[in-house]
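Have a look at the structure below before the remarks.
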Amino acid sequence: MQQFKTLMLREWLQQRRSWLLLGLWTPVIAWALLYIVLIYQGMPQFNSTTISDAAKVASFGISTQSSMVLYIALIGVLLTIPGLPYRDKDDKSLSFWRSLPINEANAVIVPVLMNALLLPLLAIVLAITLNLLLSAPLWITHWTALMGANLLLALIGFSLQALLTLLWFLPLVLLLALGNSAVRRWGMVMVLIGAFMAQSLLGSLSNDAPASRFVDIYFSGLFGVIDQIDLGRFLSASSNLSDQVGNLLRFAINPPFVMALLISGLCLAALIWRRKAGQTA
């Protein structure tokens, strides 16, 4: 356990700056720009009887900025995880880490856990929290108990959505990492080409829709999770955030999501085996 914590600390020390910049500074810059625009242009007028103009702007800003941070976090994971099998070799620290009595499974699992789940999730939760705090001047004067409940649901719901999105995204980036570990640089391309070729082949041989459309099902599920929580109306009395959170929880118990987790586990096992065999760093 101590070794696991030490490896997590290593990842935190090496990677924290970029993720904290994303989670802390992106909302600050975005809201500073928005307030400057409001000061010079004035508050836009909306024809809405259920929500004030200021609260409408706040909801739009929170929804847009939080979604942007989520997509940037996914891009960061996509750029980071496929390169992990050769990271220690590329930064010339391989001999150092090989000289330490480090468990091979921990050496693979910890970087994936930190860079694909914990650090991106931290950045996203920080961003949504800051969004809610920085938008407060626009809606605090209209505070009600319902707004308080919606604010809490927005924070919990978007954080849960981010976690499920990252878990759904995990098999894709792990497959790319596995391909990169087998055929460096070209392995990721081969994985993508192979997936679409397999889908086409299964489509011509089988009438079973899930088996022959697994690529489409995977990406529709990924973007389906991302679109579950709508923050655009969370300050409105007609907000249905509780229903959205319920739908999100049901997403986590459907067969495609369970299959995605199983594929992630198999990819991790394959990466651990390749490291034990000395084929990757």
Taking into account only those residues within region 1-12 that are assigned to a helix (DSSP H, G or I) and not charged (D, E, K, R), which is most open to solvent (accessible area, probe 1.4 Å)? 2
Looking at region 225-244 only, could you name the residues that are crowded, with 19+ Cβ neighbours inside 10 Å, among the aliphatic types (A, V, I, L, M) and assigned to a helix (DSSP H, G or I)? 225, 231, 241
Selection from region 97-129 of residues open to solvent by less than 40 Å² (accessible area, probe 1.4 Å) and either under 23 Å from residue 160 (Cβ atoms) or in contact with a strand residue (DSSP E or B) (Cβ under 8 Å, 6 or more places away or on another chain) (or both) yields 112, 114, 115, 116, 117, 119, 120, 121, 123, 124, 127, 128
Is it fair to say residue 140 is within 17 Å of the chain's Cα centre (by Cα), surrounded by fewer than 19 Cβ atoms within 10 Å (Cβ to Cβ), modelled with pLDDT of 75 or more and not basic (Lys, Arg)? no
For region 13-50, enumerate the residues that are farther than 30 Å from residue 167 by Cβ and buried (at least 20 other Cβ atoms within 10 Å of the Cβ). none
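The values are calculated or read from the model by the stated rules, or taken from the named source; none is laboratory data. Since this is a predicted model, take the numbers as computed values, not measurements. Please note: Cβ atoms are built from the backbone with ideal geometry, for glycine as well, and neighbour counts cover all protein chains shown. In case anyone asks, the SASA skips ligands and DNA or RNA and just uses the protein heavy atoms, side chains included. Shrake-Rupley method; radii C 1.70, N 1.55, O 1.52, S 1.80 Å.
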